[in-house]
1. Would you mind finding the one in Gly120, Gly136 that is surrounded by 19 or more Cβ atoms within 10 Å (Cβ to Cβ), in contact with an Asp or Glu (Cβ under 7 Å, 6 or more places away or on another chain), closer than 19 Å to Leu179 by Cα and among the small types (Gly, Ala, Ser)?
2. If Glu184 satisfies every condition in (1) touching a Gly at 6+ places or on another chain (Cβ under 9 Å); (2) open to solvent by 20 Å² or more (accessible area, probe 1.4 Å); (3) charged (D, E, K, R) but one, which is the exception?
3. So for region 148-170 (the condition being charged (D, E, K, R) and open to solvent by less than 10 Å² (accessible area, probe 1.4 Å)), does at least one residue qualify?
4. Return only the number of the condition from (1) at pLDDT 90 or above; (2) open to solvent by less than 20 Å² (accessible area, probe 1.4 Å) that Arg307 does not satisfy.
5. Quickly run through region 173-196 and pick out the residues that are over 20 Å from Ser268 (Cα atoms) and out of contact with any Lys or Arg (no Cβ under 9 Å at 6 or more places or on another chain).
6. Just to be sure, is Arg7 more than 19 Å from Tyr316 (Cα to Cα), among the charged types (D, E, K, R), open to solvent by 20 Å² or more (accessible area, probe 1.4 Å) and modelled with pLDDT under 90?
7. Restricted to region 20-42, and to residues that are at pLDDT 60 or above and not hydrophobic (A, V, I, L, M, F, W, C), which residue is most open to solvent (accessible area, probe 1.4 Å)?
8. Return the residues of region 234-263 that are open to solvent by 10 Å² or more (accessible area, probe 1.4 Å), within 15 Å of Arg315 (Cα to Cα), assigned to a strand (DSSP E or B) and not β-branched (Val, Ile, Thr); say none if nothing qualifies.
Amino acid sequence: MYVTIYRHSRLNLSNSLISELFELLLPLGRDLDDTWAVYIGNNSQNMLKWQKIQTGTPSGRFGHTCVVIENYLVLFGGINERGDRHSDTWLGQVSLHENLGISLSWQLLDVGSTSPPPRGAHAACCISSRKMVIHGGIGLNGVRLDDTWIIELSENRCYGTWRKIVSHPSPPARSGHSLTCISETQTILFGGRGLGYEVLNDIWVLHVTEGYSKWVQIFYELQNIPAGVSLPRVGHSATSIIGGRLLIHGGEDSLRHRKDDFWVLDISHISLEKMHPTRLNSKRMLANKWRRLKPEGYKPGCRSFHRACVDDSGRYLYVFGGMVDGLLQPAEPVGLRFDGELFLVELVLQL
């Protein structure tokens, strides 16, 4: 497999693929409350056009999560400009109008008396047509969390029910990590920043079936990975792509150096039995499944805490924004530098 990168300097509305791009909508970094959409259509290399969507809610925040469940967005948590953590859950209904473009209607979801504690910089992903899972993040007083929660939406999408997943062992506390659904029953967790501010490189798989939820760690040794490049990452993107693979892009290493590399983890043959360390030498098994890709074409800069999503084919990845090293946008008062670039990554399988 290799990747070819194209830059989209400006972004026009057309017809399908709304939901995938809404992972790009709500920005990470400053306390913003604006919502933007870009509509792709059938030709992924068309010139694209951003559309600002007027909603008024939710309130401005960063470090939240926003995932796609069918024609809905589920937003949870985040941090406002005063440093307050949120624990609210919002449901946004996405509609496409031929002449008016895309509209988005938010409602504060009724979740009853049980919900996760307030947090930001956590990870989340959709795991079914009605469920979303979250893990970790930074809670009150800056404490990193290690808990796992699943919300299930009602059939009429009028309310949701949160439940806490208890599993031993389970991933230790962290923030800035990734959660990616790889099958109907499995979600993979990678990286993040731990309690001691160390950057992590461990991999866990959450196995969820009706009435059963369990975390299992996959063990491997960094020195066994080809190319010998350090993999501990925080603020990276992790996307399920064509061929049952996980694509890791960018992020920061233990020295806070931002990255521009692409790594593929072949998770197509991982099963719960193979993941059990007493049954197989999983260190060697997983090391053989890591591969670094050498991209062709446009060379985007190093970045972290960006957003990425893939289209329905699993062949086209869209990457937006993030924190960057070069001064592409005016520096924020706190010295943070952000990028407003959108680029397309075409994934090509080699026979």
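1. Gly136
2. Glu184 satisfies all of (1) touching a Gly at 6+ places or on another chain (Cβ under 9 Å); (2) open to solvent by 20 Å² or more (accessible area, probe 1.4 Å); (3) charged (D, E, K, R) except (1).
3. Checked region 148-170: no residue is charged (D, E, K, R) and open to solvent by less than 10 Å² (accessible area, probe 1.4 Å).
4. That leaves (2) as the condition not met.
5. Passing the criteria: only Gly196.
6. No.
7. In this case the residue turns out to be Asn42.
8. Ala238, Ser240, Arg245
The values are calculated or read from the model by the stated rules, or taken from the named source; none is laboratory data. Just so it is clear, the model here is predicted, and its values are computed rather than measured. Quick reminder, even Gly has a Cβ in these numbers, built from the backbone with ideal geometry, and neighbours come from all protein chains shown. When the accessible area is computed, the model is the full protein with side chains, heavy atoms only, and any ligands, DNA or RNA have been set aside. Shrake-Rupley method; radii C 1.70, N 1.55, O 1.52, S 1.80 Å.
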